[in-house]
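Derivation of every value follows stated rules applied to the coordinates shown; laboratory data play no part. Quantities reported herein were computed from a predicted structural model and do not represent experimental measurements. When we count neighbours, we look across all protein chains shown, and the Cβ atoms used for this are built from the backbone with ideal geometry, even at glycine.
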Amino acid sequence: MLRRWPILILAAGLLSHAGWAAEPAARRENIEWCNIWVPEATRTDLPRVLLVGDSICNGYHSAVEKDLQGKALVAMLATSSALGDPILAEQVKLLLKNYRFAVIHFNIGLHGWDYTEEEYQKEFPALLKVIRKHAAGAKLVWATSTPMREPAPNLSDFHPKNARVKIRNKIVVDLAANEGIPLDDLYRLVEHHQEYWGNDGVHFNSQGQAVEAKQVAHTVLASLSNSTAK
């Protein structure tokens, strides 16, 4: 049985008009969203995997689920929430308190542009602490954020924000290495393949999603073999 938890839409402008605006510390986008997907929620015969990310994760999730059919149950938390926003930890805890995961494959990096890279670096250990507290025994894998290109017809050019993507990736790759967390380098996987992108220069077409899913599934399977959270 599939359980679909509805997408949550928070329109910041409307909330502000109603007097319910988020506290100033949370620098959010005009529309915030969260998509939680837990397939076969009552099954216990296979290890459960959690993919955490944004709309890029939302794009490759279903293909990863298909690739791991019969080997693992693949849940997803795709969100626009950024490192620095306290709601991100609450979203993660919601899943970790209700389900046991053998592997958590996670990435946060293409949202929260109002947060500096220094703030990004400061907040990563706090998120990691939440994950380790509520998912004891789970194997963790950090995935790098994918590049940002200019929209078509200029897909051959990287977007100016891609410089920040690279800085954020370097920050977290170094932190993850210090914590003994293995890397799934999705950035390098697609970096020189503009044919993988859709017209907006951020999201991927079916070819790109399939390539990403194959690598994610392979990485998850390797981690499953060493997991203690069956």
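Ignoring lysines fewer than eight residues from Lys71 along the same chain, the ones with Cα atoms less than 22 angstrom from its Cα are Lys139, Lys214, Lys230. Per-residue ellipticity at 222 nm computed for the chain from its helices equals -12000 deg cm²/dmol, with DSSP H segments shorter than 4 residues left out and the rest contributing -39,500 (n - 2.57). Rounded to the nearest 20, the size of the Cβ-charge dipole of region 60-102 about its Cα centre is 200 debye, with Lys and Arg at +1 and Asp and Glu at -1. Counting only DSSP beta bridges whose two residues both lie in the chain, roughly 45 percent are antiparallel. Computed over the chain, the range of Cα coordinates on each principal axis works out to 45, 44, 37 Å, biggest value leading.
A Förster radius of 30 Å combined with the Cβ-Cβ distance from Lys129 to Leu221 puts the calculated FRET efficiency at roughly 0.65. Put a plus charge on the Cβ of each Lys and Arg, a minus charge on the Cβ of each Asp and Glu, and nothing anywhere else: the dipole of the chain about its Cα centre is then about 900 debye.
Ranked by the mean number of other Cβ atoms within 10 Å of their residues, highest first, the peptides 158-167, 104-113, 216-225 fall in the order 104-113, 216-225, 158-167.
Identify, among Gly198, Gly137, Leu175, the residue whose Cα sits farthest towards the positive end of the charge dipole of region 113-230, taking +1 on the Cβ of Lys and Arg and -1 on the Cβ of Asp and Glu, with the dipole about the Cα centre. Result: Gly137, furthest along the dipole toward the positive end. Shape summary of region 79-195, radius of gyration then Dmax from alpha carbon positions: 15.0, 47 Å. Tally Lys and Arg at +1 and Asp and Glu at -1 over the other residues with C-beta under 9 Å from the C-beta of Val64: what net charge comes out? Computed value for this residue: -1. A simple count of charges around Asn162, restricted to other residues whose Cβ falls under 15 Å of its Cβ and scoring Lys, Arg +1 and Asp, Glu -1, yields +2.
Projecting the Cα atoms of Ala163, Tyr120, Asn35 onto the charge dipole of region 3-224 (Cβ charges, centred on the Cα centre) puts Asn35 farthest toward the positive pole.
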